[in-house]
1. Looking at this structure, is Thr153 over 13 Å from the mean Cα position of the chain (by Cα), at pLDDT 95 or above and of a type in the set (Ser, Thr, Tyr)?
2. How many residues are in contact with a helix residue (DSSP H, G or I) (Cβ under 8 Å, 6 or more places away or on another chain) and farther than 18 Å from Ile235 by Cα if we restrict to segment 127-152?
3. Residues in segment 109-124: is at least one more than 23 Å from Arg215 (Cα to Cα) and of a type in the set (A, V, I, L, M)?
4. Hey, could you check segment 157-193 for residues that are acidic (Asp, Glu) and open to solvent by 10 Å² or more (accessible area, probe 1.4 Å) and say which is farthest from Ser210 (Cα to Cα)?
5. Can you go through Asp154, Asp91, Asp113, Asp165 and tell me which one is within 30 Å of Arg240 (Cβ to Cβ) and touching a His at 6+ places or on another chain (Cβ under 6 Å)?
6. Return the only residue of Phe148, Phe90, Phe114, Phe152 being in contact with a Cys (Cβ under 9 Å, 6 or more places away or on another chain) and under 20 Å from Ile194 (Cα atoms).
7. If you scan segment 134-166, which residues turn out to be in contact with a strand residue (DSSP E or B) (Cβ under 9 Å, 6 or more places away or on another chain) and in a helix (DSSP H, G or I)?
8. Is it fair to say Asn214 is surrounded by fewer than 16 Cβ atoms within 10 Å (Cβ to Cβ) and not in a helix (DSSP H, G or I)?
Amino acid sequence: MSSRHPRSTRPRVTIVIPALNEARNLERVLPTLPPVHEVIVVDGNSVDDTVETVRRLLPSARLVSQTRQGKGNALVCGFAEATGDVIVMFDADGSANAAEIPRFVDALASGADFAKGSRTCAGGGSADLTRLRGAGNGVLTLLTNLLFRVRFTDLCYGYNAFWVDVLPMMRLPSRLPAGPTACWGDGFEIETVINCRVAAAGLTVREVPSFEENRVHGVSNLHAFRDGVRVLRTIFTEWRGRRTQAAISSYHRAVMWSPVVPRPAGGVRADNELSDVTG
């Protein structure tokens, strides 16, 4: 279900980079970014020189502070500030290759609503994906394909791009209210949430071959078993939510098309009359 809004063949690109204590990595990443409409770096209250590094190396970048905690919230805060036509989700740890950004933009300009990076399709790869994590990703991808009736090849990868006009269809959590209370989608589950909702919305998805490098500096927070269980829970939660939403929509359609029941004489309401219809 592609958007019907007119789209430019030369879209303005916004790169959104969530960053938490990534100063050393940003020193390597920022100089590799291509010239685009804007770069938004979302800082998660870093205690290193992340903010100073951005200001020094890419003074044209917009610095945004996230309102809660977690990668999901950081991305949502960046999305809300974007003024481009296309948003590219880009990690700050050096694992994503900025030279691939034109591939994602080309996929969108040629008709896709969502360009999904894949390490496992022809032309993709990873220096970071272990056999255990690769096997787990394969099982989770297969499950998502079965439940959402799609044909993804790589579920657990966060290098993606999409048109700004499809954001409402993703129904992502608001960046407000600010504070310590987490919302569904605030954490690392955000990538799975986005993929599931893109599938549920019937958007046109095109996979883009991508090679994932190792993190340049620091240690990844990923844990194969713990995060695998988290992704599994996210898939089922999103699937149940999709079925619930479908049932609600079906009910609303039935109510909207049900025959009008005249009021009995004397103004007494008929037992099967619905007085408030929302949809």
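1. yes
2. Let us first name the residues in segment 127-152 that are in contact with a helix residue (DSSP H, G or I) (Cβ under 8 Å, 6 or more places away or on another chain), namely 129-130, 132-133, 136, 140, 143-144, 147-152.
Checking the rest, the ones that are also farther than 18 Å from Ile235 by Cα come to 129-130, 132.
The qualifying residues number 3.
3. Yes: one or more hits.
4. Asp165
5. Result of the check over Asp154, Asp91, Asp113, Asp165: Asp165.
6. Phe148
7. Within segment 134-166, Gly134, Val164, Val166 meet the criteria.
8. So Asn214 fits the description; yes.
The values are calculated or read from the model by the stated rules, or taken from the named source; none is laboratory data. Everything numeric here is computed off the predicted structure, so don't read it as measured data. Cβ sites come from the backbone with ideal geometry, for glycine too, and all protein chains shown count toward neighbours. Quick note on the areas: whole protein, heavy atoms, side chains included, nothing else; ligands and nucleic acids left out. Shrake-Rupley method; radii C 1.70, N 1.55, O 1.52, S 1.80 Å.
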